Amino acid sequence: MVRSVTSFGRSGVSDWLLQRVSGVILLAYFLCIGSALVGGVDYLSWRDMFEGTGMRVFTLLAILSLAAHAWIGMWAVSTDYMTERLMGKKGNVLRIAFQIACSLVIFVYVIWGVQILWG
Amino acid sequence: MLQVSIYRYNPETDSEPSMQDFQVDTGGKDLMVLDVLELIKSQDTTVSYRRSCREGVCGSDGLNMNGKNGLACITPLSETVKGNKLVVRPLPGLPVIRDLVVDMSMFYAQYEKVQPYLINDTPAPAIERLQSPEDREKLDGLYECILCACCSTACPSFWWNPDRFIGPSGLLQAYRFLADSRDLATDERLSRLDDPFSVFRCHGIQNCINVCPKGLNPTRAIGHIRNMLLARAT
Ligand code: SF4
C-alpha cells in the first residue's frame, strides 16, 4: 500500500502550495535568463552577471525550487504508476528504487549547482 | 440494422473477457442505449447489466458507450453512435462481476470516507434546522449527485489510486457537507482530507465534468475544498 511518508511535506496542501510557488520562481528565473540571452551575451557579460550575489542567490533559489518541484512531481508519478495495485509486489521495489534514484540525482544536481555558483 | 458490440465476461465460465456482436433493428427510431440493451436481452437473455428507473434518476445503468461514460437510459443513439456502430463496455477501472455489471465497493468506500451526512450535535429544533435562502443556494450543483460513478470511473487519478484518492464523486459530496451552513464538523472534515492523496491527486483533468449525466462540476467543488484547506493551513 502506498503511504505518504516519502512525500515532500507529508501534507497535501504543503506539497501543492510548494509545487505552485516553486513553479512561479522557476518561471521568473527562466524569464530572467531568457531576457539576458535575447539581449545577446558573451563570456564577459555572462561572467559579470553571475559575479553579483543577487544573481547567485536567485540561481540557488531556482535550483532549490527545481529540486522540490522535481521531487513532488516524480513522487506523484511513482505513486500513480509504480504500485502494488498495478504491478504486484515488484511495484513496491521499483517505486522505492525509483524514489531513491530520483533523490540521489536531485541531491547531486543541487550540490553541483552550488559548486558552480560559488566554486 | 445497428451494429452493437457488447463486453461479455462470466467469471464462472470464461477465462477472459470478450466482445460479442449483435444486430439490432431500431425501427429507424432514436432509441436510448438502454432500449437497445433491452432488445439485445430479448435476443440473448444471458446479457447482464444493471438498470432500474430508466429515467436518469437511480444511477444504476452507468456504462461506457463508444468510449464515453454515461447513463444508458438517457443517452440517445444520436448522441453516441458514429458510423452505425455502438460499443458498450462496463465502467472502466472497477472489477467486473459479470458482463456490464461492476463491483462498486471501492467507489462506495470512498463515499463513506467523507461522512456524507450532517454532523451537528446541538439539540435539534422542534421542526427543522433552518437555512437562509442564500445558504441553501450554496448546495445547488452538489446535492443533485445520484452516485452513478460515471465521473470517478472516468478519472485516471481514480484508476491509479482508487483506495486512496476519494475521486470526483466523493469529493463533490465532501464539499456538499463542507458548504452546508448546518454542519458543524468543517474542521474535522478538512483534517481528514489533508493528505497527499484524498484531494490532491486531482490534477484537473476534468473528465468528470465531461461525463456527468447531471451536468455537475466536481472539479469546481474540488477547487473549493483545496481553497478551504489552503485558507486553514496558511
Ligand atoms: S457527480 Fe455526476 S457523474 Fe459523478 S456520481 Fe454524481 S451524478 Fe454521477
Once the whole set of protein chains is in place, how much accessible area is left on B:Tyr108, using a 1.4 Å probe, in Å² to the nearest 10?
110 Å²
Report the A-B buried area as the accessible area lost on both sides summed, probe 1.4 Å, in Å² to the nearest 100.
1600 Å²
7 Å from Cα along Cα→Cβ at both B:Glu16 and B:Glu79: what's the point-to-point distance in nm?
3.4 nm
A student applying the Cα gyration tensor rule (rounded when a/c is under 1.5; otherwise prolate if a/b is larger than b/c, oblate if not) would label the stretch B:41-90 oblate
Estimated [θ] at 222 nm from DSSP helical runs (n ≥ 4, -39500 (n - 2.57)) normalised by residues in the protein assembly as shown, nearest 500:
-15500 deg cm²/dmol
Using 0.36 nm per residue of separation minus the Cα-Cα distance, give me the extension gain between B:Ser48 and B:Ile97 in nm, one decimal.
16.7 nm
How big is the dipole moment of the protein assembly as shown about its Cα centre under a simple scheme where the beta carbon of each Lys and Arg is +1, that of each Asp and Glu is -1, and everything else is neutral? Debye, nearest 20, please.
600 debye
Per residue of B:190-197, count partner chain C-beta atoms within 10 Å of its C-beta, then hand back the mean as an integer.
5
Take peptides B:161-171, B:4-14 and line them up by average Cβ neighbours within 10 Å, highest first, as a rough protection proxy.
B:161-171, B:4-14
Candidate residues A:Trp16, A:Trp118: accessible-area rank, largest first, probe 1.4 Å
A:Trp118, A:Trp16
Most positive-pole-ward Cα, A:Phe58, A:Val21, A:Cys102, against dipole of chain A from beta carbon charges
A:Cys102
Relative contact order, percent, of chain B when contacts are C-alpha pairs under 8 Å separated by at least 6 residues?
18 percent
Ignoring ligands, DNA and RNA, what accessible area per residue does the protein assembly as shown give at 1.4 Å, in Å²?
53 Å²
Under a 10 Å cutoff between Cα atoms, tell me which one of B:Ala154, B:Ala109, B:Ala221 has the largest fluctuation in the Gaussian network model of chain B.
B:Ala109
Averaging sequence separations of C-alpha pairs under 8 Å and six or more residues apart, then dividing by the length of chain A, give the relative contact order as a whole percent.
31 percent
Subtract the Cα-Cα distance of B:Asp140 and B:Cys58 from 0.36 nm times their separation in residues, and report this length gain in nm to one decimal.
27.6 nm
Tilt of helix A:53-81 relative to the longest C-alpha principal axis of chain A, in degrees (0 to 90, nearest 10)?
20 degrees
With the solvent-accessible surface defined on protein heavy atoms using a 1.4 Å probe, which residues belonging to the stretch B:200-221 display a reduction of at least 50 Å² in accessible area in the multichain context relative to the isolated chain?
B:Phe200, B:Arg201
Can you pick out the pairs among B:Lys29/B:Lys85; A:Lys90/B:Lys113; B:Lys138/B:Lys214 whose Cα atoms lie more than 23 Å from each other?
A:Lys90/B:Lys113
Within chain B, what whole-number % of the accessible surface is contributed by carbon and sulfur, with the 1.4 Å probe and all protein chains included in the calculation?
50 percent
With all protein chains present and a 1.4 Å probe, how do B:Arg182, B:Arg54, B:Arg136, B:Arg189 order by accessible area, largest first?
B:Arg54, B:Arg136, B:Arg182, B:Arg189
Exposure of B:Glu112 as accessible area (Å², to 10), given a probe of 1.4 Å and all protein chains:
140 Å²
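The values are calculated or read from the model by the stated rules, or taken from the named source; none is laboratory data. Owing to the predicted nature of the structure, the values given are computational and were not obtained by experimental measurement. For neighbour counting, all protein chains shown are included, and Cβ atoms are generated from backbone atoms with ideal geometry for every residue, glycine included. Only protein heavy atoms, including side chains, enter the accessible area calculation; ligands, DNA and RNA are left aside. Shrake-Rupley method; radii C 1.70, N 1.55, O 1.52, S 1.80 Å.
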